[in-house]
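Participant: What follows is a structure written as structure tokens; I'll ask about it next.
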Amino acid sequence: MDVKNKILVLGRPEINKAGLVSSVMTGTALEPCVASSEASAQIAWDIDTRYYTAQTEFWVDSTEPLSTAHTELVQNWLSSPSTRPSIPIDTSTHELHDSLSTLVDAIVFVFDPHDSTSFTDILPWAQFAIDYEPSILLCVAVSDTKVGGMDGQKD
């Protein structure tokens, strides 16, 4: 049995995803910086605590803006969140989800709180969560100087 030890970190290219990963790994505040020009990265992380040791890997990748139809689906759902719309997924995205499902057990979706369209990119990954039920699902708001509403500057 393969171990699901990958943490998929997704968000728009201009969002500082690699900085967020670095902040998680080192336990320091996120430094404001320009996002990496690389579209994707693999970052090994050996977790060693008093209670357990685990080898895992962050897979950092960029999303692309969704189509108008997907954006409208999100807007409609936000206006009536009690409904559960069917999320349209194309064949290539479904195949990608299927291949990732055996490796990924955590998804961190990173968005810009000042750009609501960056949040709509979560839609295909919401379908991944419904279909494959990864153990950890996390959304993190990252702006130039703040992470999740907390000041990203070091004291």
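Participant: Within region 118-144, which residues are at pLDDT below 85 and open to solvent by less than 60 Å² (accessible area, probe 1.4 Å)?
Facilitator: Hits for region 118-144 are Thr120, Leu123, Ser143.
Participant: Same structure, new question: Are there any strands (runs of 3 or more DSSP E) wholly within region 1-117 with 1 or more residues that are open to solvent by 90 Å² or more (accessible area, probe 1.4 Å), modelled with pLDDT of 80 or more and within 22 Å of Ile136 (Cα to Cα), and if so which?
Facilitator: 40-48, 53-62
The values are calculated or read from the model by the stated rules, or taken from the named source; none is laboratory data. Please read these numbers as outputs of a predicted model, since none were measured by experiment. Heavy atoms of the whole protein, side chains included, go into the accessibility calculation; ligands, DNA and RNA do not. Shrake-Rupley method; radii C 1.70, N 1.55, O 1.52, S 1.80 Å.
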